[in-house]
Structures are given as structure tokens and as C-alpha cells.
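A.B. asks: Pasting a structure here, questions to come.
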Amino acid sequence: MNKEEILELIKEGSLDISKLKILLSDINTVDIAEIFEELSRDKVIQMFRILPKAIASDVFTYVDPDHQQAIIEALTDTEIGEIMNKLFVDDAVDFIEEMPANVVRRVLKNVRPDKRKQINQILQYPDDSAGSIMTTEFVDLREDAKVREAFDTIRSTGLNKETIYTCYVIRRDRMLVGVVTAKDLLLARPHDRIGDLMDTNVVFANTTDDREAIADQFQKYSFLAMPVVDKEQRLVGIITVDDIVDVIVEESTEDIEKMAALVPSDEPYLKTSIFQHAKNRFLWMLILMLSATITGTIISSFENGLLALPILMAFVPMLMNTGGIAGSQSSTLIVRGMAVGEIGLGDILIILWKEIRVGMLCGLGLGIVNFIRVFIMNNRDWQLCLTITLSLFCTILMAKTVGSVLPILAKRLRIDPAIMSAPLLTTIVDAVSLIIYFSIAKIILGL
């Protein structure tokens, strides 16, 4: 039975508790959490209470913050302790960061002292740092241990660790010296020394490293986990790929919002108030509205020419829209290339030359089509056709150039490229395209 069928039966109330408990035990914990998303607060609490204890904490991890809070408020202190003590530290931190102060106090009061210490330690790191997304539950082995001892360690502690497939080798002072995989251990002989099997070329992160840079490292090396060390190079935690996926989603969402001239928001769309939505959008709308004064001033300065030949005004939207699209195409590709590590600051000249040639080809193709269109529709006025065609060609070339260079310059100035690639690009392209258009019209048409 799939989750949709189970959800329908729950809503109908046609299942007894014992039958429902069996059905929920047979499906993935993520699917159970998705079923909870469709239920009312009271129903979620009821369903959570009948979950087997073995999977309750896993389901809790994937439930949205509102339902997590409802569940915690409905549980006893003992039940809260059971749930929280089974969560991995990074999941517990994620939960606590979303909760109001009164819930946090109650939760921490019922967590084991050692786990509370670990949670508080991670909460002290900046939100965008490696330390804020790491977990302290990992398998570490001594370099002088034997393989059989390593397996004993994994068997005795592995159940409560985030991963056992990658183990980290440390000295007695907890200095990270190497890494060994489960495959290495399985293929080795019981009396082999860990120090002889380990890979000493370890890629690691510092607790203060930017988490976006860590995501790049995961992509580059195809990691499932990465060790995190403190200032003294002592192993203090690991970052796993599931946490990095969350980082990538958050960063991508933030970039998309910035490129759409929105102030980034941490809240889901449906849970954000209309006032917050308006606040997030108002600032950039105001800036872009005021920046339109520039284009208005340019048009006003050519007022006499427009009065002499009003047909020129009909082509302004086409030029501005085409320029905007051309610039956005280039900036989007450059921002994406920098995000995945394909493009660096030193590539600006190569990119500029490439985009100039792309702009020339696009401008030439669109210019030919536009010349024919204007020639047919405007009584074969070749001077007007030439004006529009040259303006379009130069506008596309300019937009491609500006769109490719702006994000790189922003990165060099330590400004988010996503901000520069949309709102500022629109203003520049609109203004310059008008200057190009009316300047060419003045030369060819003698305005």
C-alpha cells in the first residue's frame, strides 16, 4: 500500500491503531513525514504517538518545524528526552534553531548532558560556517590500532554514528592524520595496522570555513563525508553529504531570489506573511523604479527627434527587451559557472572575448531578420531599417559584454554576483541601449 492510499485511509478514519502501526512501519520515514504534512495538528500528534519508537526519531527529523513544535508541546519530558537523544547532533541543532525560546529551554532540559554540550558547541558557530552544519557523531580510530580492534570499535559505537563507511584516523591528541574506508578494513587482514592502511592525503575543512566553499569541495571530490578540524588541527566533527545537499538548495534558492530582485527569505512561500513578502520585494522595486528616471531622462533629451520621427518610439520596447534578455543569458551562465567552480576571476578576458563573438553572431542573425521585417512593414525605408538593425546589433553586443563582466567584477569586489546580474544589469542595459539607439538615429536619420 502506498503513502497516498494510507493517507486517504487515515483521513477517513477507517484503520484501527494496530493496523495503522503496521502500515506505517513498512514505509520510508520520509514518506511518513510527507503524510504528516497533509494532516491537521491534532492528527499529527495522534499519528506520531503510535509510531514505533525505532522510527519515531527518524520521522521527527523530516517533519516541518510547525509540526515538530506541536509534537514537542504534546509530549512529556521523558518522551522528549527519548526523541532528542536519538537524533544526530546536527539534526537536533537544525530543530532547535527553528524553535521559540520556551521550546528550546524545555528540550535542552531533557537532553543528556553530553549531548547538550555538543549541541551548544555547534550553536556557537556562525550560521554560514562549516562548524554550524557538522555533526560530532563519527567513527575515529587510532593509527596504532589493529584492524580487528577497529571492527570492535565500529560494532560497539557505530549504531549511534552518522556514518561508518568512512572512518577518521587520529593520534592520541586527536590530531587528524588519515582516513580509512570500510572497504579498506574489509579487505585487510585482522592484524594489519590502521596506520599502514590509511590515506594520509586528507581533504578537510576548518570549523570557520564558509559552507558554500565546502559544498564546492564535496562536488569536486565526490565526497560522502568530510572531516572538520579546529584551529589546532584536532578532529572535532564531520560534514555529511545530506547536509551539503541542504546547503546547495539554500544557496541556490538565495541566488535565484537575488537574481529576481528579491530580498532572500528563510521562510517557505506559503508560510511567509503578505507583509513580509511585500517587504522583501519593495526595496528592489523602489530602486528599479527610481533607476527608470535615467531612461526617462535619455528619452527626454531626444524629444525633438521623436517629434520629427515618432515611429522611432515604436522600436524602443523591442530594443530594451532584446538587450535585457541578451544580458540575462550571459550573466546567468557566468553566475552558474562561478557557483560550480568552472569559472574563476582570472578568466575574465577569455569570457569577454567569447561573449563578444557570441554577441556578434546573435546580433548579426537577429539584425538580418529585423532588417527584413522593418523593410517590409515600413514602406522600404532603408535608412530606418539600417538604424534599427545597427542599434539592435550594438545593443546585443553591449548587453552580452556587460552581462558577462558584471558578475566577475562583483565577485572581485566581494559582492554577491547574483545581485549584480539582474537589478543592476537591467538598469545599465536599458540606459545604454537607448543612448546607442538615439545616437545612431541622429547620425543616420539626421535628427
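A.B. asks: To check my understanding: the extent here is largest minus smallest coordinate of the Cα atoms along each principal axis. What are those three numbers for segment 88-177, in Å, largest first?
C.D. replies: Result for segment 88-177: principal-axis Cα extents of 48, 26, 22 Å.
A.B. asks: What accessible surface, in Å², does a 1.4 Å probe find on S328, ignoring ligands, DNA and RNA and rounding to the nearest 10?
C.D. replies: 50 Å²
A.B. asks: Go ahead and set up a Gaussian network model of the chain, Cα springs under 10 Å, then flag whichever of A145, A410, A101 fluctuates most.
C.D. replies: A101
A.B. asks: Separation between the K231 and K161 pseudo-spin-labels, each 7 Å from Cα along Cα→Cβ, expressed in nm?
C.D. replies: About 2.9 nm, to one decimal.
A.B. asks: Then there is this: Any idea how far apart N85 and V340 come out in nm if each label point goes 7 Å out from Cα toward Cβ?
C.D. replies: 4.6 nm
A.B. asks: Now a separate question. Using Cα positions and a limit of under 13 Å, work out the aspartates and glutamates in reach of K115, with same-chain residues fewer than 8 apart set aside.
C.D. replies: E82, D90, D91, E137
A.B. asks: Express the carbon and sulfur contribution to the solvent-accessible surface of segment 354-447 as a percent, rounded to the nearest whole number, probe 1.4 angstrom.
C.D. replies: Working: 3260 of 4600 Å².
C and S atoms contribute 71 percent here.
A.B. asks: If you don't mind, another one. For segment 157-189, run through the trypsin sites (Lys or Arg not before Pro) and keep only the ones in DSSP coil with at most 10 other Cβ atoms within 10 Å of their Cβ.
C.D. replies: Numbers: sites: K161, R171, R172, R174, K183; in loops: K161, R171, R172, R174.
Listed in order of number, the matching sites are R172.
A.B. asks: Send over the per residue convex hull volume for segment 313-447, Cα only, as a whole number of Å³.
C.D. replies: Numbers: hull volume 13.0 nm³, N = 135.
Enclosed volume per residue, from the Cα hull, is 97 Å³.
A.B. asks: Taking a ≥ b ≥ c as the square roots of the Cα gyration tensor eigenvalues, with a/c under 1.5 meaning rounded and otherwise prolate when a/b beats b/c, else oblate, which class fits segment 364-444?
C.D. replies: Verdict is prolate for segment 364-444.
A.B. asks: Further question on the same structure: Among rounded, prolate and oblate, which fits segment 323-367 when a ≥ b ≥ c are the square roots of the eigenvalues of its C-alpha gyration tensor, a/c under 1.5 means rounded, and a/b larger than b/c means prolate? Intermediate values should be presented prior to the final figure.
C.D. replies: On the way: a/c = 3.36, a/b = 1.73, b/c = 1.95.
Verdict is oblate for segment 323-367.
A.B. asks: Shifting gears a bit: Post the alpha-carbon centroid distance, segment 34-102 to segment 323-395, in whole angstrom.
C.D. replies: 53 Å
A.B. asks: Out of every Cα pair in the chain, what percent are spaced more than 43 Å from each other?
C.D. replies: Values: 37644 of 99681 pairs.
Beyond 43 Å sits 38 percent of the P(r) for the chain.
A.B. asks: Counting other Cβ atoms within 10 Å of each Cβ, which trypsin sites (Lys or Arg not before Pro) in segment 350-427 have at most 12 and sit in a DSSP loop? Before the final figure, lay out the partial values.
C.D. replies: Details: sites: K354, R357, R373, R380, K400, K411, R412, R414; in loops: R380, R414.
Loop-located and lightly packed - R380, R414.
A.B. asks: Over the chain, what is the percentage of antiparallel beta bridges among all DSSP beta bridges, to the nearest 5? If you can, show how the numbers build up before the last one.
C.D. replies: Values: 15 of 20 bridges.
Within the chain, antiparallel bridges account for around 75 percent of the total.
A.B. asks: Leaving ligands, DNA and RNA out of it, work out the accessible area of S40 with a 1.4 Å probe and give it in Å² to the nearest 10.
C.D. replies: 70 Å²
A.B. asks: A follow-up question, please. Evaluate segment 37-103: find the radius of gyration of its Cα atoms, find its Kirkwood radius, and give the ratio Rg to Rh. Numbers along the way, then the final one.
C.D. replies: Working: Rg = 11.0 Å, Rh = 12.0 Å.
Looking at segment 37-103, the ratio lands at 0.91.
A.B. asks: As I understand it, the dipole of segment 1-157 uses +1 on the Cβ of Lys and Arg and -1 on the Cβ of Asp and Glu, about the Cα centre. Which of I22, F88, T76 lies farthest toward its positive end?
C.D. replies: Farthest towards the positive end: T76.
A.B. asks: On a straight-distance basis, which lysines could pair with K354 in a cross-link, Cα separation under 16 angstrom, same-chain partners fewer than 8 positions away excluded?
C.D. replies: Leaving aside lysines fewer than 8 places away in the same chain, those within reach of K354 are K400.
A.B. asks: Still on this structure, please answer the following. Quick one: give the max-minus-min coordinate of the C-alpha atoms of segment 12-64 along each principal axis, largest first, in Å.
C.D. replies: So the three principal-axis extents are 27, 22, 16 Å.
A.B. asks: Are any of the pairs K43/K161; K161/K231; K86/K117; K3/K220; K271/K411; K53/K109 more than 27 Å apart by Cα-Cα distance, and if so, which?
C.D. replies: K43/K161; K3/K220; K271/K411, as the Cα separations exceed 27 Å there.
A.B. asks: Another question, if that's okay. Pairwise over distinct Cα atoms, reciprocal of the mean inverse distance: report the Kirkwood radius of segment 192-238 in Å, one decimal place.
C.D. replies: Hydrodynamic radius (Kirkwood, Cα pairs) of segment 192-238 is 11.8 Å.
A.B. asks: If you bin the C-alpha pair distances of segment 32-148 every 5 Å from 0, what whole percents do you get?
C.D. replies: Percent of Cα pairs in each bin: 2, 11, 21, 21, 18, 11, 8, 4, 3, 2, 0, 0.
A.B. asks: Continuing with this model, one more query. Would you mind getting me the FRET efficiency between L224 and L283? Use the beta-carbon distance for r and R0 = 51 Å, nearest 0.05. Could you put the intermediate results ahead of the total?
C.D. replies: Numbers: r = 40 Å, r/R0 = 0.79.
My answer for the efficiency is 0.80.
The values are calculated or read from the model by the stated rules, or taken from the named source; none is laboratory data. All values reported here derive from a predicted model rather than from experimental measurement. Note that we place each Cβ from the backbone using ideal geometry, even for glycine, and neighbour counts take in every protein chain shown. Side chains included, ligands, DNA and RNA excluded: accessible areas come from the protein's heavy atoms. Shrake-Rupley method; radii C 1.70, N 1.55, O 1.52, S 1.80 Å.
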